[in-house]
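Okay, so here's the structure we're looking at.
Readers should treat all values here as calculations from the given coordinates under stated rules, not as data from a laboratory. Predicted model, so just to flag it, every value in this text is computed and none were measured. Positions of Cβ are backbone-derived with ideal geometry, glycine not excepted, and every protein chain shown enters the neighbour counts.
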Amino acid sequence: MPENSIPKEAAYQIINDELMLDGNPRLNLASFVTTWMEPECDKLIMASVNKNYVDMDEYPVTTELQAFLYFLFN
């Protein structure tokens, strides 16, 4: 680990600028990818991004939702 660090805003800007060099997912119509989602989906993803899905005992509702979606789409 480096002894010194850069401000979090600078780190964000550097990474964000690099990510802008990636292709635009909305323009990728040649493959089966999600190019757009409802804002509610983004909120659900952000609300659950910090969960450890391997720990099923700690997150029983998430485990139930996973099983429900598995049977819904399989």
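Descriptive notes on the structure:
- Restriction of the GluC sites (Glu not before Pro) in the chain to DSSP coil positions whose beta-carbon has at most 10 other beta-carbons within 10 angstrom yields E3.
- GNM top mover of V33, V61, V49 - the chain, alpha-carbon springs below 10 Å: V61
- Simple label model, 7 Å out from Cα along Cβ direction - M1 to Q13, nm: 2.5
- Normalised radius of gyration (Cα atoms, divided by 2.2 N^0.38 Å) for the chain: 1.59.
- A simple spin-label model places pseudo-atoms 7 Å from Cα toward Cβ; at L21 and Y53 they are separated by 3.0 nm.
- Between the exposed loop cleavage positions of the chain, defined as chymotrypsin sites (Phe, Trp or Tyr not before Pro) in a non-H, G, I, E, B DSSP state with at most 12 neighbouring beta-carbon atoms within 10 angstrom, the longest gap is 1-31.
- When +1 charges are put on Lys and Arg Cβ atoms and -1 charges on Asp and Glu Cβ atoms, the dipole computed for the chain relative to its Cα centre reaches about 220 debye.
- Between M46 and N74, the FRET efficiency from the beta-carbon distance, with R0 = 25 Å, is close to 0.45.
- Which of A11, Y70, P60, positive extreme of dipole for the chain (C-beta unit charges): Y70
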